[in-house]
1. Might you let me know whether region 13-31 holds any residue that is part of a helix (DSSP H, G or I), under 23 Å from THR93 (Cα atoms) and of a type outside the set (Ser, Thr, Tyr)?
2. Any chance you could count how many residues in region 52-109 are of a type in the set (Phe, Trp, Tyr) and under 17 Å from VAL21 (Cα atoms)?
3. Would you mind listing the helices (runs of 4 or more DSSP H) fully within region 36-113 where at least 3 residues are in contact with a helix residue (DSSP H, G or I) (Cβ under 8 Å, 6 or more places away or on another chain) and either modelled with pLDDT of 95 or more or among the small types (Gly, Ala, Ser) (or both)?
4. Do we find that LEU44 is surrounded by fewer than 15 Cβ atoms within 10 Å (Cβ to Cβ) and either free of Cβ contacts under 8 Å to residues at least 60 places away in the same chain or at positive phi (or both) in this structure?
Amino acid sequence: MSLYLVFWSNLYSDNQYAGLVTFRSSALSTFSLGASVGYFLADLGMIIWFYPSLGGMEYVLHHLLSLIAVAYSMLTGEGQLYTFMVLISETTTPGINLRWYLDTVGMKRTRAY
């Protein structure tokens with residue numbers, strides 16, 4: 001969703017005359033940030049539940065700071081473009097998680113890894 005909102009939607013386009021780009025938001029962008037908040041909460045819960053096997057204090061800090069920043073952007077509507085630009089980096093998470101699962105079940109030496 002971040003890729004779509006940043007690169008293909010018209011919400012943050014230069015052709016928009018809806019005021020400063022830092023204050024633009026839509027129902028879709030706010031909903032997407034809400035889904036991200038939910039993801040960070042669920043992932044943080046898993047990290048705390050299985051602490052420290054899923055990650056140390058740096059993971060907890062990362063999730064807390066991300067959660068606060070994304071929730072702020074969602075609730076105020078400010079800086080959503082920049083928040084989505086940062087969230088694009090989270091697209092690597094499924095691959096990283098898959099590698100962890102494969103390692104956990106002993107498939108580290110397979111082609112899937």
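1. Narrowing region 13-31 to residues part of a helix (DSSP H, G or I): 21-23, 27-31.
Then keep just the ones that are under 23 Å from THR93 (Cα atoms); that gives 28-31.
After this cut, where a residue has to be of a type outside the set (Ser, Thr, Tyr) as well, the list is 28, 31.
Among the residues of region 13-31, at least one is part of a helix (DSSP H, G or I), under 23 Å from THR93 (Cα atoms) and of a type outside the set (Ser, Thr, Tyr), which makes the answer yes.
2. Going residue by residue through region 52-109, those that are of a type in the set (Phe, Trp, Tyr) are 59, 72, 82, 84, 100-101.
Next cut, under 17 Å from VAL21 (Cα atoms) only: 72, 82, 84.
Result for region 52-109: 3.
3. Values: elements: 57-76, 80-87, 93-104.
In region 36-113, the matching helices (runs of 4 or more DSSP H) lie at 57-76, 80-87.
4. Working: surrounded by fewer than 15 Cβ atoms within 10 Å (Cβ to Cβ): no; either free of Cβ contacts under 8 Å to residues at least 60 places away in the same chain or at positive phi (or both): yes.
Against the criterion (surrounded by fewer than 15 Cβ atoms within 10 Å (Cβ to Cβ) and either free of Cβ contacts under 8 Å to residues at least 60 places away in the same chain or at positive phi (or both)), LEU44 does not qualify.
The values are calculated or read from the model by the stated rules, or taken from the named source; none is laboratory data. Since we're looking at a predicted model, the values are computed, not measured. Quick reminder, even Gly has a Cβ in these numbers, built from the backbone with ideal geometry, and neighbours come from all protein chains shown.
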